[in-house]
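Notes for the one structure printed next.
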Amino acid sequence: MPEQAEDLIVRNLIEALNRLRDDLDRVEFWTAALSSFQQPAPDYRPDSEYLLSSRKRPAASDLQTRSCRVFPCGPLTTQKWLPEQLGI
């Protein structure tokens, strides 16, 4: 019986040490991760070979969208309008 108790104690100590090692690994990982936030981010300087060429945007007068139309009661209204009143 005393040997079984000693084996149980030894097994519990080994498991506790293994958990402690795992915790230390986690602490080292998070310490390294958090230390990278203490330094400012490096300046971003893209190479010109990877930049997209700029295109001309169409003028606002060329765009014909429903959102540009002016409604009699403004954009937010509870009144119902017929399609011919809205010019649709």
Open item on the list: Out of D43, D47, D62, I need the residue that is among the acidic types (D, E) and modelled with pLDDT under 70. Which one?
Closed with: D62
- [ ] Could you list all residues from the range 31-53 that are part of a loop (DSSP other than H, G, I, E, B) and of a type outside the set (K, R)?
- [x] Q39, P40, A41, P42, D43, Y44, P46, D47, L51, L52, S53
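The values are calculated or read from the model by the stated rules, or taken from the named source; none is laboratory data. Remember, it's a predicted structure, so these values are computed and weren't measured experimentally.
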